[in-house]
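The values are calculated or read from the model by the stated rules, or taken from the named source; none is laboratory data. It should be emphasised that the depicted structure is a prediction, and the values quoted were computed from it without experimental measurement. With ideal geometry, Cβ positions are generated from the backbone for all residues, glycine too; neighbour counts draw on all protein chains shown. All accessible areas refer to the heavy atoms of the entire protein, side chains included, with ligands and DNA or RNA removed. Shrake-Rupley method; radii C 1.70, N 1.55, O 1.52, S 1.80 Å.
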Amino acid sequence: MARVPALQGKEMGYIKGAVLCSVLTIQCLSEDRSVREVLQKHFNVSKNLRSLHMLLMLALNRVTASHPFVTPADLMEANQLCSMDSKANIVHGLSVLEICLIIAMKHLNDIYEEEPFNFQMVYNEFQKFIQRKAHSVYNFEKPVVMKAFEHLQQLELIKPIERTSVNSQREYQLMKLLLDNTQIMNALQKYPNCPTDVRQWATSSLSWL
């Protein structure tokens, strides 16, 4: 076996300096509140070490000669990229009904310029689609549609604007979609056996409705 040559003084000094800088960088990052919040949220979503490794590698990819250390902003951007990928993967596992509700929300966002919506508004958009254009989607009963809507909330694809009160009606609670149009369209392209009329509804202009 070939013998590994001993490190010279300058080389050893460089390595020690690099290790010290890395330790100090990690210490600074660990003391940053935004970094702790990102890592806590990531841990809450996934306790898989591979997922953490991906997050850290995305942050390290931003290191260059002119940007030699990982910053809190790098970690936050990496977390956003991980979140986008995970949400797209979640969409691939949705039912056709849930996909339809996502598309209805997309159209509501386009119509009302990202204003919050409620279940009743989404249900009305879904009914328009069913009555005018749908050939492959069953007209589900309203309680079934509500269950699908609540499942989207459990998956954190939508979230309430305000905390739910005991006396509030679920149909009228204001919600926000946590997917943008690009994420929705990219996910639909990969969605297995997506009905043609559903795909056309997603890509249609507002006047199509």
Which residues qualify? For M175, with a placed amide H closer than 5 Å and at least 5 residues away or on another chain, they are F117, N118, I161
Partner aspartates and glutamates whose C-alpha sits under 18 Å from that of K87, ignoring same-chain residues fewer than 8 away, are E77, E98, E150, E156, D180
H135 and H67 label points (each 7 Å along its Cα→Cβ direction) are spaced in nm at 4.9 nm
Descending accessible area (1.4 Å probe), largest on the left, turns F43, F119 into F43, F119
On the formula 1/(1 + (r/R0)^6), with r taken between the Cβ atoms of V144 and Q169 and R0 of 22 Å, the FRET efficiency rounded to 0.05 is 0.75
Note: K41 to N89 extended length (0.36 nm per residue) minus current alpha-carbon separation gives 15.5 nm
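Mind ranking S204, S95 by accessible surface for me, highest first, 1.4 Å probe?
If we order S204, S95 from most to least accessible, we get S95, S204.
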Kirkwood calc, region 94-136, C-alpha pairs only, radius in angstrom 10.6 Å
FRET efficiency (R50, E113; Cβ distance; R0 25 Å; to 0.05) is 0.05
Computed D for region 63-202, Stokes-Einstein, Kirkwood radius over alpha-carbon pairs, 10 °C, 1.306 mPa s, to the nearest µm² per second, is 97 µm²/s
In terms of the charge dipole of region 88-203, which places +1 on Lys and Arg and -1 on Asp and Glu at the beta carbon, the residue among N109, Y123, F140 farthest towards the positive end is F140
Pairs over 32 Å Cα to Cα, from K133/K159; K41/K128; K142/K190, come to K41/K128
